[in-house]
Amino acid sequence: MKRLSLMVALALAMALSAAAQAKSRNVTDPDIPRELPASGPVSVQWTDPAEFSELRYSGNRWEAQRGNWVVDLAKYIQTQAAKRLDAGQQLQVTITDISRAGTYLPVAGPRVHNDVRIVKDLYPPRMTLNFRLSDANGNVLSEGERKLRDSSFLMNASINDTDPLRYEKRMLDDWMRNEFGAKDS
C-alpha cells in the first residue's frame, strides 16, 4: 500500500514539474510557424502577429498575445472554406492584420486589473486578408484584399456561445458565404 502511495505521489510530482516547465504559448512565439501545414484545398498563412493591430494598439499587450488564437482562426478558415469550394478548386489565404472584438483598456493605479477584455460595440472585430481562388487548372477565379469588419457583432450574440473567438469566426463565416457561396450541408 505504501509503495502504491509513493508511486502516485511521484507521478503527481512529475506531472506538476512538467506543467511548471511548460512554456506558455503566445501568438508572437518565434517557434510557431506562420502557416498551417498543407492539407486539402485551402492553404492559410499569416504575417508577423506582433504587427497586428490587436497587439500594437492593445492596452495590455501581454494579455493580447497570450494563447494561440491566430492559429485557431487560420484553422477555422481552412476547415470552413474547404466546405464551400467546388471540387478541384484551391484557395490561398494570407492574414495580414487582426483586431479581435473588444479591447484591454489601459488603466493604472492600485488594485486595478487590466487583464479583462472589454467587449463593446465600439471595438468590433476586424481582419485584413489577401486571397486567391483558382480552379483545377490553376486559372485564377478571383483574388484580392478584403478588409473585414463586423460592426453589428453584438446584435447576433448568443448567451450560450462561450467560444472566445465567436465574433471573429462569425465575421469569417459572413465573408466566406459572400465570397464563395452558401455552405454545403
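What follows is calculated from the coordinates using simple rules that are stated; it is not laboratory data. Remember, predicted model here, so these are calculated numbers, not experimental data. So basically every Cβ, Gly included, is an ideal-geometry build from the backbone, and we count neighbours across all protein chains shown.
Between Arg61 and Glu145, the modelled labels are 2.4 nm apart [label points 7 Å from Cα along Cα→Cβ].
As a rough footprinting exposure proxy, the listed residues Arg66, Arg117 were ranked by other beta carbons within 10 Å of their own, and the order from fewest upward is Arg66, Arg117. Electrostatic tally near Arg61: other residues with Cβ closer than 15 Å to its Cβ, Lys and Arg +1, Asp and Glu -1, net -2.
Judged by the ratio a/c of the largest to the smallest principal axis of the C-alpha gyration tensor, the stretch 115-185 counts as prolate, that ratio being 1.5 or greater while a/b is larger than b/c. For the stretch 34-180, the alpha-carbon radius of gyration amounts to 1.13 times the rule-of-thumb value 2.2 N^0.38 Å expected for a compact globular protein. Take the Cα of Arg132, go 7 Å toward its beta carbon, and the backbone nitrogen atoms of the stretch 141-168 under 20 Å from that spot belong to 141-147.
Between amide H atoms placed 1.01 Å from N, distances below 5 Å from Tyr123 occur with Gly102, all of them 5 or more places distant or on a separate chain. A simple rule links phi to the HN-Hα coupling: the Karplus curve 6.51 cos²θ - 1.76 cosθ + 1.60 with θ = phi - 60°, which for the stretch 62-75 gives 4, 5, 5, 8, 5, x, 10, 5, 5, 5, 4, 5, 5, 5 Hz, with x for Gly and Pro.
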